[in-house]
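What follows is a single structure, written as structure tokens, with notes after it.
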């Protein structure tokens, strides 16, 4: 135990630098200004293959730890500031997505995460696909990728919390 403490003292603290801020557009100035540095997010799977959900779990995990920037997942849309929507909207999820959007208090943001949420991706023209997220609720920010890397998710959420 003493050897471990000595080694820790010799090496010191080792941590990665925070990701650099990437320039982005201002989705909703009024909404972003009222967030106050924190962002409560309700994740909605509108019909994805779960690839984006794995990357969301990684972004909120201990390696990337997006919670240190003020973003946090919540269980209810009534507690959320933003909806993080993944996958193309299927026919069965069109109405639940609208109801979730309506249940989120204003001001609210919608983030379309992944190519499928933005433009249906590889599922375009599928029999069960109703369309991209923007066809059902207004989208404020799109994060491209199939699936988007955790770094891209962190950068997108930081662009909303750093205002």
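Coordinate-derived values only; no laboratory data. Small disclaimer: the values here were computed from a predicted structure and weren't measured. Using ideal geometry, Cβ is built from the backbone for each residue, glycine included, and neighbour counts are taken over all protein chains shown.
As an exercise, use a Förster radius of 22 Å and the Cβ-Cβ distance of residue 50 and residue 127 to find the FRET efficiency, rounded to the nearest 0.05.
0.65
How high is the FRET efficiency between residue 135 and residue 38 when r is their beta carbon distance and R₀ equals 30 Å, given to the nearest 0.05?
With R0 = 30 Å, the Cβ-Cβ based efficiency is 0.50.
For the pair residue 146 and residue 67, how long in nm is the line joining their label points, each one 7 Å along Cα→Cβ?
Reported label-point gap for residue 146 and residue 67 is 3.3 nm.
Between residue 92 and residue 74, what length in nm is gained on full extension when 0.36 nm per residue of separation is reduced by their alpha carbon distance?
4.2 nm
What is the extension gain from residue 5 to residue 106, computed as 0.36 nm multiplied by their sequence separation minus the C-alpha to C-alpha distance, in nm to one decimal?
Full extension from residue 5 to residue 106 adds 31.3 nm.
Taking the convex hull of the Cα atoms, report for the range 91-133 its projected area averaged over all directions, in nm².
3.1
For the range 37-161, what does the convex hull of the Cα positions come to per residue, in cubic angstrom?
84
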